[in-house]
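The values are calculated or read from the model by the stated rules, or taken from the named source; none is laboratory data. None of these values were measured; they are calculated from a predicted model. Cβ atoms come from the backbone with ideal geometry, glycine included; neighbour counts cover every protein chain shown.
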Amino acid sequence: MKQLETNRLILRMFTENDGEDVAAMCNNVKIYQHTLHIPYPYTKQDALTWIGFHEENRENERMYDLAVTDKLSGELFGSVGLSIHKTFNHGELGYWIGEAHWGKGFATEAAEAMIQFAFDEKRLHKVYTRCFDSNPASGKVLAKLGMKREGVLREHVRKDGKYLDLLHYGLLASEG
Ligand SMILES: CC(C)(COP(=O)(O)OP(=O)(O)OC[C@H]1O[C@@H](n2cnc3c(N)ncnc32)[C@H](O)[C@@H]1OP(=O)(O)O)[C@@H](O)C(=O)NCCC(=O)NCCS
């Protein structure tokens with residue numbers, strides 16, 4: 001798999017040329033606050049280092065990080081990722097969209113395509129997501145995707161010196 005297509009979007013592999021745009025979008029405290037692994041401040045070098053792992057991860061079928069882009073103009077809107085755990089035959093979904101493009105349904109449309117890829121192509125049994133309670137926009141995306149809230153992982157991660165709860169959402173292939 002090199003790319004996926006939806007009504008409005010092409011989901012493709014990132015290239016080094018995306019480094020500047022990724023840095024511009026991710027250097028945003030509102031993205032940092034709601035994600036587990038994105039640093040802040042975020043530099044172009046952070047973006048290039050991240051993009052540098054993608055091809056090997058894809059070849060090893062370990063992780064698919066795709067650029068969410070406009071089908072017509074090619075503009076970069078954000079990212080959707082699927083991290084696969086072969087032993088358990090499940091995968092974790094993640095996404096971010098640049099703030100200028102929020103509220104247009106791009107995260108939902110991109111995540112839908114990634115979930116379809118997970119079930120139809122990778123034959124995974126389950127896709128799950130972990131999300132901070134303080135992130136109603138992502139909660140809405142997950143509801144639109146039909147993901148079920150399965151429980152709360154209490155004080156599961158430390159962020160900025162505080163232990164925070166994570167909400168656990170899941171979707172089985174039989175429900176997808
Ligand atoms: C979460 C995020 C990916 C959503 O991207 P998006 O492209 O705007 O998502 P969509 O447009 O598909 O859907 C967002 C929904 O949340 C709703 N929403 C936005 N802010 C909200 C809020 N504060 N409270 C309740 N709902 C909210 C929108 O109205 C929309 O619902 P609608 O389609 O019924 O109107 C984006 O806000 C983001 O990148 N946030 C920072 C990173 C992040 O949180 N990643 C996910 C980690 S689990």
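Filtering segment 62-105 to residues that are in a strand (DSSP E or B), more than 14 Å from the chain's Cα centre (by Cα) and farther than 21 Å from Ala24 by Cα leaves His85, His90.
Selection over segment 157-168 of residues that are surrounded by fewer than 13 Cβ atoms within 10 Å (Cβ to Cβ) and assigned to a strand (DSSP E or B) gives a count of 4.
Conditions (1) modelled with pLDDT of 95 or more; (2) of a type in the set (Gly, Ala, Ser), marked per residue:
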position	(1), (2)
Gly81	yes, yes
Tyr95	yes, no
His101	yes, no
Asp120	yes, no
Arg130	yes, no
Ser134	no, yes
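Give the number of residues within segment 104-124 that are within 14 Å of Gln3 (Cα to Cα) and polar (S, T, N, Q). Count: 1.
Scanning segment 7-19 for residues that are buried (at least 19 other Cβ atoms within 10 Å of the Cβ) and part of a helix (DSSP H, G or I) gives Asp18, Gly19. Of the set (1) part of a helix (DSSP H, G or I); (2) over 28 Å from Asp160 (Cα atoms); (3) in contact (Cβ under 8 Å) with a residue 40 or more places away in the chain, all apply to Val22 but (2). Once segment 117-139 is narrowed to residues that are under 14 Å from the mean Cα position of the chain (by Cα) and in a helix (DSSP H, G or I), the residue that is surrounded by the fewest Cβ atoms within 10 Å (Cβ to Cβ) is Ala137.
Looking for something aliphatic (A, V, I, L, M) and out of contact with any Asp or Glu (no Cβ under 7 Å at 6 or more places or on another chain) - is there at least one such residue anywhere in segment 53-66? Yes - at least one qualifying residue is present in segment 53-66. Of all the criteria given as (1) touching a residue at least 40 places away in the same chain (Cβ under 8 Å); (2) in contact with a Leu (Cβ under 6 Å, 6 or more places away or on another chain); (3) more than 16 Å from Phe14 (Cβ to Cβ), the one not satisfied by Leu66 is (3).
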